[in-house]
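The values are calculated or read from the model by the stated rules, or taken from the named source; none is laboratory data. All values reported here derive from a predicted model rather than from experimental measurement. For neighbour counting, all protein chains shown are included, and Cβ atoms are generated from backbone atoms with ideal geometry for every residue, glycine included. All accessible areas refer to the heavy atoms of the entire protein, side chains included, with ligands and DNA or RNA removed. Shrake-Rupley method; radii C 1.70, N 1.55, O 1.52, S 1.80 Å.
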There are 2 protein chains.
Amino acid sequence: MLPELKIQPLRYVITVVEEGSFHGAARRLHRSQPALSMAVRELEQRLGQNIFERGVKNRLTPFGEYCLPRFRDLIGQHDRLAKDVVNHANGRQGHIHLATVPSVASRIMPAFLARFLEQFPGLNISLHDENAFYVCQMVAHGEVELGITSLWQNDGELEYTHLFEDNIGVVCRQDHKLSAFKSLNWQSLQGEKLIGNGTSRLLMSTEAAEMVENSEFYISNMISLTAMLEAGAGITTLPRLAFPEHNENLCFIPLEDPGVVRRIGLVRAENRALSPAAQAMQAFVLQELQDKER
Amino acid sequence: MLPELKIQPLRYVITVVEEGSFHGAARRLHRSQPALSMAVRELEQRLGQNIFERGVKNRLTPFGEYCLPRFRDLIGQHDRLAKDVVNHANGRQGHIHLATVPSVASRIMPAFLARFLEQFPGLNISLHDENAFYVCQMVAHGEVELGITSLWQNDGELEYTHLFEDNIGVVCRQDHKLSAFKSLNWQSLQGEKLIGNGTSRLLMSTEAAEMVENSEFYISNMISLTAMLEAGAGITTLPRLAFPEHNENLCFIPLEDPGVVRRIGLVRAENRALSPAAQAMQAFVLQELQDKER
DNA sequence: CCACCTGATAAAAATTTCTTACCATATGAT
DNA sequence: ATCATATGGTAAGAAATTTTTATCAGGTGG
């Protein structure tokens, strides 16, 4: 019932009108003149009405006048669609949702995203910061396409690509007696008041587990934790990246004997394809962040 | 730069999504399954991104999710356009501007247009009534596509198709002494007060010309003319169709000796094509009004 | 009247689209 | 497990389409 119009002949019609002649349009479209003649006539036959007055000069028929603006519309829609779709396909347009642990979000992402957006100016980015467990969950549930985090557990749905390692160290006040050391082993912490935090689970598989479990405080919020440490309420362990580097009251001393590291990597859902924009970001992450210790 | 998308493959994509499988879509579209596979893949290659997840089950990729509603849009636009254009091409939709002389407008067009619109319900019609000269001018200038009128002069731009003839007669009051006659010749009008009107020019080429020129009054407006006649201020000549047939105070007596007729026909611009809707009306006019005397 | 436009036409070539026949894989029932 | 029966992918040839080349006919201006 409905004829299936093709974009091309409509474009021919419009170009003929704009150029005022089939020859001119053919030149502009890099086609031979008969190609246009035949395409236009085929269209006219399909519609059952002439678009061009087939007399002396090629004017539009009233039917042609009716059609022209509509053809223009459809072609406009088509071209806009094609542009948008191609931009998305190239990752030059789109919206990336990603999630990282807070330390990465605050210490790495600002500069990283700035560099990334320099290369891909059209992109929208939503950055969520959550703890490692929740980052993985968001990726698994499709709330975000990419996560940068340490792996909580590999339940098979997630694909992990290692980026870099982050050493765990002891954090205490500058005037604390431990601050004199360049590095520490586990034994030297005996007797200290250890404050647990969200990253303490990283010590659970080491000899330090018991001390962590016996710690009096557990503070998940970073700002509160910092305040407690500054008040001299005790010490804690943190990955270096999570240590507030510009804080002059606190210091970070690498822990060497148990030698614990947090492995940070890029996480994505295994069986879900990435949007082109996220593909671009994935490539950029691997190029810029992989194997760079800091 | 921009790829030229074709409607058909987009429709394939949407049907595959709706049916949930290539096979199902192929069945619905009366195509073989490889036709869809190849068309879709060709599209994907052209865009540089997969639309369908090529894994176990065919889900959409995120890119596909982005594309789908846009594809739907474009197809929707296309289908609406195709429907509108085809309806216009068939004369099932559109706007006809036509002009007729007042007598035709009031006596013929009402029933005629009712019958016409029964057959072509989607059409809009603008009916102008003007005198014969102006009807021709409107057609010549393209203000209307069709005119139903007597021809003012054939200046070559107009194509006239005869429809019917309309006899000129004398109009006077019922109690006028002429009202007794069944027909009249010119001589019997000597001594009467003749009121000129817009149609009097039809007598100019007959022996009655002199009397018309000497008439005291000339009234172009039909209502005023009727009132004058009813007041007994004189008599006039009119084509039968212009005579207000339900007026009980006036009567119409055919004029036989000079035997003047007004030729009414369909007028259109010779070198301008008609809109499909006007073509339909033209055919309907010829079928319904040609050679029917009234 | 002739050169030079215009668009139309026909036949062949090029390209695109579709079908047939076949393969590999996955799923569900026996 | 294995068999029937889905799924989608692949390749080769057929069919349809678009495009080009070459040519024609009509109109216009010098």
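Taking the numbered list (1) closer than 16 Å to A:V16 by Cα; (2) within 16 Å of DNA strand C (Cβ to nearest atom) in turn, A:Y66 passes all entries but (2).
If you check A:E53, A:E44 for being buried (at least 20 other Cβ atoms within 10 Å of the Cβ), within 16 Å of DNA strand D (Cβ to nearest atom) and more than 47 Å from the chain's Cα centre (by Cα), only one passes: A:E44.
Residues checked against (1) of a type in the set (K, R); (2) more than 20 Å from A:D129 (Cβ to Cβ); (3) within 14 Å of chain B (Cβ to nearest Cβ); (4) open to solvent by 30 Å² or more (accessible area, probe 1.4 Å):
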residue: A:E230; (1), (2), (3), (4): no, yes, no, yes
residue: A:L241; (1), (2), (3), (4): no, no, no, no
residue: A:N271; (1), (2), (3), (4): no, yes, yes, yes
residue: A:L289; (1), (2), (3), (4): no, no, no, no
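To keep it simple, each residue is scored yes or no on (1) of a type in the set (F, W, Y); (2) assigned to a loop (DSSP other than H, G, I, E, B); (3) within 14 Å of chain A (Cβ to nearest Cβ).
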position	(1), (2), (3)
B:T237	no, no, no
B:P244	no, yes, no
B:P258	no, yes, no
B:V267	no, no, no
B:Q279	no, no, yes
B:F284	yes, no, no
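Can you tell me which of B:R80, B:R54 is more than 16 Å from DNA strand C (Cβ to nearest atom), out of contact with any helix residue (DSSP H, G or I) (no Cβ under 8 Å at 6 or more places or on another chain) and among the basic types (K, R)?
The match here is B:R80.
Considered as a group, the residues in the range B:128-182 that are open to solvent by less than 70 Å² (accessible area, probe 1.4 Å) and part of a loop (DSSP other than H, G, I, E, B) include one that is farthest from the other protein chains (Cβ to nearest Cβ), and that residue is B:H176. Taken over the range B:25-46, the residue count meeting the criterion of being closer than 30 Å to A:N87 by Cβ and more than 7 Å from DNA strand C (Cβ to nearest atom) is 10. With respect to the conditions (1) within 30 Å of A:L117 (Cα to Cα); (2) in contact with a strand residue (DSSP E or B) (Cβ under 7 Å, 6 or more places away or on another chain); (3) open to solvent by 10 Å² or more (accessible area, probe 1.4 Å), A:Q279 lacks only one, and its number is (2).
Matching residues to (1) away from chain B (no Cβ under 11 Å); (2) within 14 Å of the chain's Cα centre (by Cα); (3) surrounded by fewer than 16 Cβ atoms within 10 Å (Cβ to Cβ):
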| position | (1), (2), (3) |
| --- | --- |
| A:A89 | no, no, no |
| A:R92 | yes, yes, no |
| A:V101 | yes, no, no |
| A:M109 | yes, yes, no |
| A:F120 | yes, yes, no |
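Is it the case that B:A114 is more than 16 Å from DNA strand C (Cβ to nearest atom) and either open to solvent by less than 70 Å² (accessible area, probe 1.4 Å) or of a type in the set (D, E, K, R) (or both)? Yes, satisfied. The numbered conditions (1) open to solvent by less than 40 Å² (accessible area, probe 1.4 Å); (2) in contact with a helix residue (DSSP H, G or I) (Cβ under 9 Å, 6 or more places away or on another chain); (3) within 30 Å of B:D175 (Cβ to Cβ) are all true for B:T226 except (2).
Could you list, in sequence order, all residues of the range A:12-41 that are near DNA strand D (Cβ under 9 Å from one of its atoms) and either open to solvent by less than 20 Å² (accessible area, probe 1.4 Å) or assigned to a helix (DSSP H, G or I) (or both)? Give the derivation first.
We begin by selecting, within the range A:12-41, every residue near DNA strand D (Cβ under 9 Å from one of its atoms); these are A:12, A:26, A:29-39.
Passing the criteria: A:Y12, A:A26, A:L29, A:Q33, A:P34, A:A35, A:L36, A:S37, A:M38, A:A39.
Could you say whether any residue in the range A:58-79 is among the polar types (S, T, N, Q), within 11 Å of chain B (Cβ to nearest Cβ), under 25 Å from B:R11 (Cβ atoms) and within 15 Å of DNA strand D (Cβ to nearest atom)? The answer is no; no qualifying residue exists.
One line per residue, one yes/no per condition, for (1) touching a Cys at 6+ places or on another chain (Cβ under 9 Å); (2) free of Cβ contacts under 8 Å to residues at least 60 places away in the same chain:
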site	(1), (2)
A:F164	no, no
A:I168	no, no
A:C172	yes, no
A:W186	no, no
A:T206	no, yes
A:M211	no, yes
A:F217	no, yes
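Out of (1) within 11 Å of DNA strand C (Cβ to nearest atom); (2) surrounded by fewer than 18 Cβ atoms within 10 Å (Cβ to Cβ); (3) of a type outside the set (F, W, Y), the odd one out for B:P9 is which? All conditions are met except number (2). Only one of the numbered conditions (1) exposed (fewer than 15 other Cβ atoms within 10 Å of the Cβ); (2) in contact (Cβ under 8 Å) with a residue 24 or more places away in the chain is not met by B:H246, and that is (2).
Mind checking which residues of the range A:246-256 are out of contact with any Phe, Trp or Tyr (no Cβ under 6 Å at 6 or more places or on another chain) and in a strand (DSSP E or B)? I'd like the intermediate steps shown before the answer.
At the first step, the residues of the range A:246-256 found to be out of contact with any Phe, Trp or Tyr (no Cβ under 6 Å at 6 or more places or on another chain) are A:246-251, A:254-256.
Result: A:L250, A:C251, A:P254, A:L255.
Name every residue in the range B:6-39 that is within 14 Å of another protein chain (Cβ to nearest Cβ) and closer than 15 Å to B:R72 by Cα, in order of residue number. Walk me through how you get there before you give the answer.
Just the residues of the range B:6-39 that are within 14 Å of another protein chain (Cβ to nearest Cβ), to begin with: B:6-15, B:29-31, B:39.
If the condition is that a residue be within 14 Å of another protein chain (Cβ to nearest Cβ) and closer than 15 Å to B:R72 by Cα, then B:K6, B:I7, B:Q8, B:P9, B:L10, B:R11, B:Y12, B:V13, B:I14, B:T15 are the ones that fit.
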